[in-house]
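These notes are about the structure you will find just below.
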């Protein structure tokens, strides 16, 4: 059952419903009214069902591979993409400059008397950034991410180099899987990134895979994993709407 206006009995649009405050506003007659948990759950389920019907079957994205092995579903993708070739050049230039700087300092080419230590410490933040970008670039050439769904648990692995969000979740802890969109601003341009998240039964959110370029990747993973694990899909506050 959809949520209907108390005054004109027309359906309430999704943007007129505030689940947190249990308040709805009708876009037809502008009536504002409260509703209860049962109505909210019915509306949420109806919205989720409608979205699933509109979404239909999601084809496997080009960067992912899927296989079944010994009763498990294994989804994998290799990190490499052309961006990492540019990052190699960036790392060579960035780290090369720092190498020249410290080489000159150690050989006495930079001498500021008693304040020489400042020239030693100032570039440290750039050194840390250079190490981080270099590690990220090497991981981009070598790493493969695997999501392994079994009847008892869901595991995320990044190999051969360790990375964020790896770990295991028991199926007894898992409530929902969903896609989230993040917005980033850089030099006047807006970029969108997507991540696959798990909602635990404690109410805590846990990120499984982040920094995906396309929502199709996250939506495909969500659909395949929920189907394999037998999780009934429902809407989650803050999830990406396709």
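Side notes on the structure shown:
- Residue in segment 121-133 that is under 21 Å from the mean Cα position of the chain (by Cα), assigned to a helix (DSSP H, G or I) and modelled with pLDDT of 90 or more present: yes
- Hits in segment 197-215 (condition: out of contact with any helix residue (DSSP H, G or I) (no Cβ under 9 Å at 6 or more places or on another chain) and over 15 Å from residue 154 (Cα atoms)): 202, 203, 204, 210, 211, 213, 214, 215
- Residue in segment 63-70 that is within 24 Å of residue 208 (Cα to Cα), touching a strand residue (DSSP E or B) at 6+ places or on another chain (Cβ under 8 Å), at pLDDT below 90 and surrounded by 10 or more Cβ atoms within 10 Å (Cβ to Cβ) present: yes
- For segment 140-164, a residue qualifies if it is surrounded by 17 or more Cβ atoms within 10 Å (Cβ to Cβ), over 19 Å from residue 229 (Cα atoms) and touching a residue at least 24 places away in the same chain (Cβ under 8 Å), and the qualifying residues are 140, 143, 145.
The values are calculated or read from the model by the stated rules, or taken from the named source; none is laboratory data. Since the structure is predicted, the reported quantities are computational estimates derived from the model, not experimental observations. Cβ coordinates were reconstructed from backbone atoms using ideal geometry, including for glycine residues, and neighbour counts include every protein chain displayed.
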